[in-house]
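J.: Input: one structure, supplied below.
The values are calculated or read from the model by the stated rules, or taken from the named source; none is laboratory data. Note that the structure is a prediction, hence the values are computed from the model and not measured. Here the Cβ positions follow ideal geometry from the backbone for every residue, glycine too, while neighbour counts run over all protein chains shown. Accessible surface is based on the protein model in full, side chains and every heavy atom, while ligands, DNA and RNA are left aside. Shrake-Rupley method; radii C 1.70, N 1.55, O 1.52, S 1.80 Å.
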Amino acid sequence: MYFTDRGLEELVSRRGEEQVSFEWLAERLRTFVDLNPDFETPIDRLGSWLARLDDDDEDA
């Protein structure tokens, strides 16, 4: 596990049973960027990556 995975592991352990919509997730990420503007680019890249995950399957 990478050092940076600790937050992800905490997320899974605390909220792993919950189901959320992408709309909810996008709103939480917008709030995070509002509070932490230095993370705008990585969060934007994460959103694009998540949005395009299935594109690789369609190209194959």
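J.: For the chain, what does -39500 (n - 2.57) per DSSP helix run (n ≥ 4), summed and divided by total residues, give at 222 nm, in deg cm²/dmol to the nearest 500? Mind showing how you got there, number by number?
T.: Details: 4 runs with 41 residues, N = 60.
Calculated at 222 nm, the ellipticity per residue is -20000 deg cm²/dmol.
J.: How large is ³J(HN,Hα), in whole Hz, for each residue of the stretch 9-22 in order, when computed from phi with the Karplus curve 6.51 cos²θ - 1.76 cosθ + 1.60 and θ = phi - 60°, using x for Gly and Pro?
T.: Once θ is set to phi - 60°, the couplings for the stretch 9-22 become 5, 5, 4, 5, 5, 8, 10, x, 8, 7, 10, 10, 8, 5 Hz.
J.: Separate question: Would you mind telling me which residue in Glu27, Glu18, Glu40 has the biggest mean-square fluctuation in a Gaussian network model of the chain, where springs connect alpha carbons within a distance under 10 angstrom?
T.: Ranking Glu27, Glu18, Glu40 by mean-square fluctuation puts Glu18 first.
J.: Could you compute Rg(Cα) / (2.2 N^0.38 Å) for the chain, with N its residue count?
T.: Compared with the compact-globule rule of thumb, the chain sits at 1.31.
J.: Work out the FRET efficiency for Leu53 and Leu8 from their Cβ-Cβ distance, taking R0 = 22 Å, and round it to the nearest 0.05. Present the calculation step by step, with values, prior to reporting the outcome.
T.: Values: r = 17 Å, r/R0 = 0.76.
It comes out at approximately 0.85.
J.: Spin-label point model (7 Å from Cα, Cβ direction): what's the Val20 to Leu46 distance in nm?
T.: 0.9
J.: Roll a 1.4 angstrom probe over the protein heavy atoms and tell me the percent of accessible area of the chain that is carbon or sulfur.
T.: The value for the chain is 52 percent carbon and sulfur by accessible area.
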